[in-house]
Amino acid sequence: MENVSYDAAAGCRLEGRHALVTGGTRGIGLAVVRAFAEAGANVTFCGRKREGLTLAMKELAVFSEQVQAVPANVSQRDDLQRLIDAADERFGAIDVLVNNAGTNPYYGKIVESNDEVWDKTLDVNLKAPYSLSRMIGTGMMERGRGAIVNIASVAGLEAAPMMGIYSVSKAGLIMLTKSMAREWGRYGVRVNCVCPGVIRTQLSEKLWQEDHRAQAFLARKAMGRFGTADEVSGAVLYFASDAGSYTTGAVLQVDGGMVM
């Protein structure tokens, strides 16, 4: 039987690691970048808009030596390669990948939707994690270690009203997580998934800003409140660090007791 030593007290530290976080300029992504930097990691993060990157770097000023921001649209293959190249040049090989970038451009019934919103949602929420994981995962497998964390949603666990396309994209991301975990575990690469509930971020503001929708969601939550981005980042840190060294293919709900 293999004897593996583990220091629980140091488990969530990330000194000497390089993490790449997509969609890191606000919300959950920015909270993850901050948590990783606080844990000692070097972090590369991306966003589509330069102004968003600039504002995020101001918030992360205390970590300026550990953090870099790179403009990239994750739905564009050329941007993904430029992102990886910039990350490698500044901090070296990527040890942790967090596929956080997401979009929900359409709120309504599937029958009234169109191919354009389908393609945009799937390109960002599912194809980008698929592509970026393959591009980075190859190097992780060659080095014999790595961690990938996909940010899905409880909408991928059950059909979300008026968000059918979004639900499909997140359900696909959950199965992509499990499939990659199954294939890559023997090469030392762990792949896990976090499924937030309604978190107070800009992406989900339609769900918590409008009172009638907010009350409907709150009525389903055992804890009776919405979550914050910082309450999600701890789960991501667990999967990214040695604290989660024996965890792969897991799907963790961080939803205040919404989906039981």
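The values are calculated or read from the model by the stated rules, or taken from the named source; none is laboratory data. Keep in mind it's a predicted model, so treat the numbers as computed, not measured. With ideal geometry, Cβ positions are generated from the backbone for all residues, glycine too; neighbour counts draw on all protein chains shown.
Tabulated data
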read-out	value
Residue match in region 86-97 (condition: touching a residue at least 12 places away in the same chain (Cβ under 8 Å), at positive phi and either in contact with an Asp or Glu (Cβ under 7 Å, 6 or more places away or on another chain) or of a type outside the set (A, V, I, L, M) (or both))	yes
Residue check, GLY172 surrounded by fewer than 22 Cβ atoms within 10 Å (Cβ to Cβ), small (Gly, Ala, Ser) and either at positive phi or at pLDDT below 90 (or both)	no
Per-region count, region 48-70, residues surrounded by fewer than 16 Cβ atoms within 10 Å (Cβ to Cβ) and touching a helix residue (DSSP H, G or I) at 6+ places or on another chain (Cβ under 9 Å)	3
Test: residue in region 155-162 that is within 16 Å of ASN100 (Cβ to Cβ) and crowded, with 16+ Cβ neighbours inside 10 Å	yes
Extreme residue, nearest to GLU142 (Cα to Cα), among residues of region 79-100 that are acidic (Asp, Glu) and either loosely packed, with under 14 Cβ neighbours inside 10 Å or in contact with a strand residue (DSSP E or B) (Cβ under 6 Å, 6 or more places away or on another chain) (or both)	ASP95
Of all residues in region 248-260 being aliphatic (A, V, I, L, M) and farther than 19 Å from ALA35 by Cβ, the one that is modelled with the lowest pLDDT	MET260
Tally, over region 221-242, of residues that are outside any helix (DSSP H, G or I) and of a type outside the set (S, T, N, Q)	7
Selected residue (criterion: nearest to GLY256 (Cα to Cα)) from residues of region 154-164 that are touching a Gly at 6+ places or on another chain (Cβ under 8 Å) and in contact (Cβ under 8 Å) with a residue 40 or more places away in the chain	VAL154
Any hit, region 142-151, residues being assigned to a loop (DSSP other than H, G, I, E, B) and among the basic types (Lys, Arg)	yes
Enumeration of residues in region 198-247 that are polar (S, T, N, Q) and either surrounded by fewer than 17 Cβ atoms within 10 Å (Cβ to Cβ) or at pLDDT below 70 (or both)	GLN202, SER204, GLN209, GLN215, THR228, SER245, THR247
When residues of region 101-123 are limited to those that are more than 14 Å from VAL21 (Cα to Cα) and within 17 Å of the chain's Cα centre (by Cα), the one surrounded by the fewest Cβ atoms within 10 Å (Cβ to Cβ)	ASP123
